[in-house]
Amino acid sequence: MGNFTTVFSRWAHKILWSGLAVILTFGLIMYSPEPVRAQQGVAPTVIPAGGCAIDGNLLSRTPTTPPFSSDNGDFLPNDAAPGSGGYVFTLAGLPVDTATAFHIIDGYDAADANIFTGGSKFNNDPNTWVWKQGKAPGKDDINNTLFFFSSDSLGNIWFIGSGDRKKTNGNTYLDFELLQNPLYENPDNTFTSLGPDGGRTIGDIVISITYTNGGTNPQLFIYKWDSIAQGDFEYVLATPAAGTTFLATNNDSAIVVPYGAFGSNDYSESAFTEVACNLNDLIPGLDSCIGIQTVIVKTKASQSINAALKDFVTPVQVNISSAPVVSVNSPTICFGDSAILTATVLSGTGPYTYLWSTGDTTQSITVYPDTTTQYSVVVTGINGCPSPPETSTVTVIALPVCFISGLDTICPLGTEQYYGPDSLNSYAWTITGGAIIAGDTSAQMVEVQGDGICDTTFTLTLAVTNEGGCSSTCSMTVYMIDTVSPVIMDVPDSLFLQCASGVPVASPDSITVTDNCVGSLVVTVTDSITNDTVCPNQFTLTRTWTATDTCGNFATATQIITVFDSIPPVLYDVPADTGVCCADSIPLPANVTAIDSCDGPVGVTLIEVVSDSTSPFYFTLTRTWTASDTCGNTVSDSQIIIVNDSLYGGWNNVNINSPEGDMIKYFNVSPNPFTSSAKIKFSLYKDAYVSVDLYNFTGVKLKSLYNGNVSAGANVALHLSPDASMGPGMYLLVLRTNHGIETRRIVLTK
C-alpha cells in the first residue's frame, strides 16, 4: 500500500466504514471466552520503517533479540541506538502524521473529569451511554493512549494501539473500539452515535486486552458487531488468522516514557500494553475493505459483553480506509476541445486497476464532451478493495460569438472603425493585405487605414476570449474601391466680353473640387477656341476643367467665354461746329485721334465735303473723321463750318428788300443782355414762312426757336431760356424768310 502517511491522510469523504473506538477497561471477568492467540512480533507495516515491533517497549531499534532487530520501528524514535527502524511519534509524543497517528491524554485520579456512569454497558447502544465527572479506580484509570493506522505491502490496514493503567493489580480490561460511523461525546453528558445498526454498524470491531489478577501476560479478544436476530445486534467474538494480531506488555521490566505518564517518565512493569491487528483479515470477503471514522478507548469492569464501562478517552474522529483514496481532476474546457482525465491515487497500495464510466481501463482517458458532463472512475488496489466512484465534472464553456461590425467597402485611403462584440475579456486584431491598424490592437474597436491602392482588399481578423478563457476567431474581407467621380463646384459663369484681353487666365484653382474619398486630386484645364472670322476679338472659347481622383474617376465642367467686339473706337479732339465769315478764315483740320477699347490707338481718316454753296461767301464745309478697329467697328464724327459773311452784320435790323418791299415790321429782344430769359417778338408786313434760329458767335447753330408760316401783321412772341449748351457770351438770333434774313446780337450774362 505504499507510504501509509499518504494512505490515511485528509480524505474523510473516502471512508467506506465509519468508526473507530478504543476502550481500555479494567474490571472483573464474568466469563472466559476463548482469547486470540496473539504474541509478541513485528507487524509488517510500511510505516514505521522496518515494521512496528510489538514488544512492550515504546522505543524503536530495541530490543534486537529475535524476532526483533535494530531495523524494526516502533512508536518513538531511538536515534541513539544503531539500526534503521523508524517511528510514528516524536519523543514528546507528537504524531508525525496527524491524519493517521493520534496521542490522546486523559486525566487521572482527581483530574479525570470524564468517566462512564454505572448504567453504561459494553454491549449497549452507545446512544444510551452517559458520562459524568469523577475518578476511575486505579486499575481502570487511563492516562495515555497512542494509536495509529498503517498498511502492509498488500494494502491491508493495520491498527497499532497502546495504552496504560495506573494500577497493575486485579483484573483489568482495556478496549479499543473501532467504529465505521461517527460517535460524539456531548456536553450534556450523553453520547451520539450515527451507527445505523443499534447504534453501531455491522462489522464494527472491539480489540480487547485482558489482565487477570494484575497478570503480566495479557490476553487478546476480538469482537465484531453483528446481527443476531431481526433488529437485534451485539458484539460477537472473532478468530483472526495467525500472524494477523500481535500483543505485548512490559512484563519483564519498567520502560522509559519520554512524554510522561501518571506523573512519571517510566512505566512500571505490566503498566503498558501495545497491540497490532490486521483489520482487513477480521472481515473476510468483500466486507474486508473497511473504513473507520471513530476510535474510542475505554475500560470496563469485566470481560462480559454486558460489563459496566469505567474510564474512557474522548472519541477520536479519524478517516481511514483500506480502499485507494482517489482524486480525479475536473477540468474546464472550451467547446470543441478535448479533456484529459487522470485518476490520481492519494493513498493505497498498487498496482491499481481502473474502471471509468466510459468503459476505459487506463489511468488517464481523453474525452470530447460538447456539454458539461460528469465521468467517474473506480480504482482497485492490490488488496482488491475498490475506491468509491470518484466523479469528475468536465465543464464545457461555450465559445464566444465573434463578429466584426463595419463597412466591407472603403475608400483606398479611407479610415474606418471596426468593432468586435461587447463585454468580452480580450480582443486581438490582426490584418493582412493593403491596410494597417492604427493604434491599439487589443481594444474592442480598431481604426484601419487603407494604403491607397485601388481595387485591392485587406482581411481583418479578430480573436476574442470570454471570461472562461475560451476563444473564437472571425475575419472580414474589406474591398478598397472607389467608383464615385469627384464633384466640381464653383465653376465660373459664362462670360460675354468685348476684348480678348479680358479673357481670364486659365487656372485649376478657379474651381472647387471635392471627392468622396481622401487622396490626391489632379485638376487640369484646357481651352478650345472657335473663331469664324479673322477678327482677334470675335471668337468663342470653351474652357474645360477635368478633375481626376486616385482611382481614375473623373469629372468635367465647362465655361463658355464669348468675345465679341461690337464697340467702335472713340474719336478724340474732333472740333465743334463753327462758322466763319469768309473762306480764308476756315481753320486748318484738327489733329483728331482714335482709341479702341480692344485695339488701342487706331488710324483716323479725314474727308471734307462742301455743301449748300450759293456763292464763294456762303457755303457749308463738313469735315468728317473716321476710325475703324480690327473687327470693322467704325466711328465717324464731323465738324460743320458755315461760311456766311452775312452772319456778322451790325446791331441794327438788316432788311432784305423783295420786289414787294420791306418784310419785317419789327424784330426785338428784351431784355438784352439777359440772365435767365429773354422775350423775342417779331411781326411781318407780308405773309411768309419764317425760321428763327440761335447761333453762337462762331456761327454754330445751337437751336431752332421757330419754324412756320406767319401772317402779315401778326405779332409773334418767343421765349428764350439758356440751356446747358449756352454759357455767358454773345449769340446771334437769325430770322429768315424767303425774302431775306434779319439778325440780332444778344448777350447772356451770369
| message | Classify the stretch 111-169 from the C-alpha gyration tensor, please: rounded if a/c falls under 1.5, else prolate or oblate depending on whether a/b exceeds b/c. | response | oblate
| What is the Cα radius of gyration of the stretch 487-564 over 2.2 N^0.38 Å, N being its residue count? | 1.25
| remark: Once normalised by the length of the chain, the mean sequence separation of its alpha carbon contacts under 8 Å that are 6 or more apart gives a contact order in percent of 9
| field | With 10 Å bins from 0: P(r) over the stretch 138-192, alpha-carbon pairs, percent | value | 17, 33, 36, 13, 1
| note | The summed charge of the T630 Cβ neighbourhood (under 10 Å; Lys/Arg +1, Asp/Glu -1) stands at -4
| note | With +1 at each Lys and Arg Cβ and -1 at each Asp and Glu Cβ, the charge dipole magnitude of the stretch 487-564 around its Cα centre, to the nearest 20 debye, comes out at 140
| task | Compare the peptides 479-489, 380-390, 198-208, 578-588 by average per-residue count of other Cβ atoms within 10 angstrom and give them in order, highest first. | result | 198-208, 380-390, 479-489, 578-588
| request: Amide H neighbours of T358 under 5 Å, at least 5 residues apart or on other chains, H built in the peptide plane: list them. | output: S376
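Using only C-alpha positions, report the orientation-averaged shadow area of the convex hull of the stretch 351-490, nm², one decimal.
Projected over every direction and averaged, the Cα hull of the stretch 351-490 covers 13.1 nm².
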| remark: For the chain, the dipole about the Cα centre with charges only on Cβ (Lys and Arg +1, Asp and Glu -1), to the nearest 20 debye, works out at 1720
| query | If you count, for each residue, the other Cβ atoms within 10 Å and average over each peptide, how do 129-139, 185-195 line up from highest to lowest? | reply | 129-139, 185-195
| said: Stokes-Einstein diffusion coefficient for the stretch 4-321 at 10 °C in a medium of 1.306 mPa s, Rh from the Kirkwood formula over Cα pairs: what value in µm²/s? | reply: 84
| said: For the chain, what does the convex hull of the Cα positions come to per residue, in cubic angstrom? | reply: 408
| Proximal charge balance of N516 [Cβ under 14 Å; K/R count +1, D/E count -1] | -4
| How big, on average over all directions, is the shadow cast by the Cα convex hull of the stretch 341-399, in nm²? | 4.1
| Once Lys and Arg get +1 and Asp and Glu get -1 on their Cβ, which of C411, W158, N78 lies farthest toward the positive end of the dipole of the chain? | C411
| Tell me, how many Å apart are the Cα centres for the stretch 134-175 and for the stretch 585-616? | 162
| request: Quote the Stokes-Einstein diffusion coefficient, in whole µm² s⁻¹, for the stretch 409-480, based on the Kirkwood radius over alpha carbon pairs, a temperature of 4 °C and a viscosity of 1.567 mPa s. | output: 104
| request: Provide the descending list of Cα extents for the stretch 570-646 along its principal axes, expressed in whole angstroms. | output: 46, 17, 13
| remark: Within the under-11-Å Cβ sphere about A242, not counting A242, Lys/Arg +1 and Asp/Glu -1 give a net charge of 0
| field | Quarter of the Cα convex hull surface for the stretch 64-131, i.e. its orientation-mean projected area (nm²) | value | 8.2
| Top positive-direction residue, dipole computed over the chain with Cβ charges, set Q374, Y685, H739 | Y685
| Put +1 on the Cβ of every Lys and Arg and -1 on every Asp and Glu Cβ in the chain; which of Y259, G138, H719 then has its Cα farthest towards the positive end of the dipole? | H719
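Please list 320-333, 220-233 highest first by mean number of surrounding beta-carbon atoms within 10 Å per residue. Show your work: numbers first, answer last.
Numbers: 320-333: 22.0, 220-233: 15.1.
My ranking of the peptides, most packed first, is 320-333, 220-233.
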| said: I need the per residue convex hull volume for the stretch 229-374, using only the alpha carbons, in cubic angstrom as a whole number. | reply: 249
| request: Over every pair of different alpha-carbon atoms in the stretch 433-592, take the mean of 1/r and invert it; report that Kirkwood radius in Å. | output: 22.5
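A short reminder: the numbers here are calculations on the coordinates, not readings from a lab. What you see is a predicted model, and the numbers here were worked out from it, not measured in a lab. Using ideal geometry, Cβ is built from the backbone for each residue, glycine included, and neighbour counts are taken over all protein chains shown.
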